[in-house]
Amino acid sequence: MDGLMIHTPDSGMVTKEQAFAIKVPEQTRTYTPVPNAELWDMLQKTAESKGLKLGEPQMGVAHKGQRLFGVADITNQDHLDEEVRLTLGFRNSYNRTLSVGVCFGSRVFVCDNLCFTGYASEDEDAVGNVHKRHHSDVFEGLQVRLEEAMSKFDIFKSYQDTSFNRMKEISLTDAEAHHLIIESAKAEAITAKDCMKVANEWAFQSHCPDNEADAANWHKEFMPRNAWSLFNAFTEIHKGFQKKNPFDANVRSIKMNNFFHAHFLNN
């Protein structure tokens, strides 16, 4: 397979070693590739310089290995009474289709659900995602933006705390939840075919199941009928998409987070 080591798949989940083994394209006058290994090294070192500790990454590739998306938990930054762990997502491409980028997100421990955010604060100049095109200054420019974002990580963490606690306070009826599910499809936060899956998940979490098999997928934390429970119904369905297509999943994840922000946190 051109550009790939023989044991690296065209798409799907890969090991760190497989991701690093993908052949890096040659630099041109208008294009400067960022090797996957160097991107991960930059993330680790920048995070460490800002007091953040990254866990082992999970990585996936697409487009015959020419696109990469990875996830690494920020292991020393749990929040919401240790219900949630903050997470870093990163992307890269070798086929000139996408800029190199990094985004912050959260992983809910109880169900291992993951969601990334496009949060940005004009007042504090803090962002939930950064990106840089593969131009000649890509390394310098990305380093500067990473340092700026990570130096204000506490602002992002505070935003996440406020957002999730606020959603826990907002009660929803079934009718309201179903309306929001339809609206989310219009906003492309989920696909139309996933609307029923989210609705079923919302209903499933509303009461403790009788049989042991269903109980393994039920979480008492999501039984209250509120925006937080609905958010996690979305992320539970999103989790399946993330396993199938880890690269594109982060784009949908940001749209989903922004949808909830617009409906519950802008008032």
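Against the longest alpha carbon principal axis of the chain, how many degrees, from 0 to 90 and to the nearest 10, is the axis of helix 36-49 turned?
Its long axis makes an angle of about 70 degrees.
Spelling out what I want: for every residue of the range 95-105, take phi, set θ = phi - 60°, compute 6.51 cos²θ - 1.76 cosθ + 1.60 (Karplus), and round to whole Hz; glycine and proline get x.
The phi angles translate into 10, 6, 8, 9, 6, 6, x, 9, 9, 9, x Hz.
In nm, to one decimal, how far is the Thr28 label point from the Asp214 one, both placed 7 Å along Cα→Cβ?
5.7 nm
Please list the radius of gyration and Dmax for the range 6-99, considering alpha-carbon atoms only, with Å as the unit.
14.7, 50
Would you mind calculating the relative contact order of the chain from Cα pairs under 8 angstrom and at least 6 residues apart, reporting the percent as a whole number?
Numbers: 445 pairs, mean separation 46.6, N = 267.
Averaging sequence separation for qualifying contacts and normalising by length gives 17 percent for the chain.
If I model a spin label at Glu48 and Ala203 as a point 7 Å from the Cα along the Cα→Cβ vector, what separation in nanometres do I get?
Each label point lies 7 Å from its Cα, and together they span 5.2 nm.
Starting with the fewest neighbours, write out Ile254, Ile155 ranked by other beta-carbon atoms found within 10 Å of each beta-carbon.
Values: Ile254 21, Ile155 18.
With the sparsest Cβ surroundings first, the list reads Ile155, Ile254.
Can you show me the helix-derived [θ] at 222 nm for the chain, built from DSSP H runs with n ≥ 4 at -39,500 (n - 2.57) apiece and divided by the number of residues, rounded to the nearest 500.
On the way: 9 runs with 115 residues, N = 267.
Mean residue ellipticity at 222 nm (helix-derived): -13500 deg cm²/dmol.
Please report, in debye to the nearest 20, how large the charge dipole of the chain is about its Cα centre when each Lys and Arg carries +1 at its beta carbon and each Asp and Glu carries -1 there. Before the final figure, lay out each step's value.
Details: 29 positive and 37 negative charges, 180 e Å.
Approximately 860 debye in magnitude.
Setting aside same-chain residues fewer than 8 positions from Lys53, which lysines have a Cα under 29 Å from its Cα?
Partners found: Lys16, Lys23, Lys45, Lys132, Lys152, Lys157, Lys168, Lys239, Lys243, Lys244, Lys255.
Each reported figure results from applying straightforward, stated rules to the coordinates on display, with no laboratory input. All figures in this text were calculated on a predicted structure; none of them were measured in a lab. Note that each Cβ is placed from the backbone with ideal geometry, even for glycine, and that neighbours are counted across all protein chains shown.
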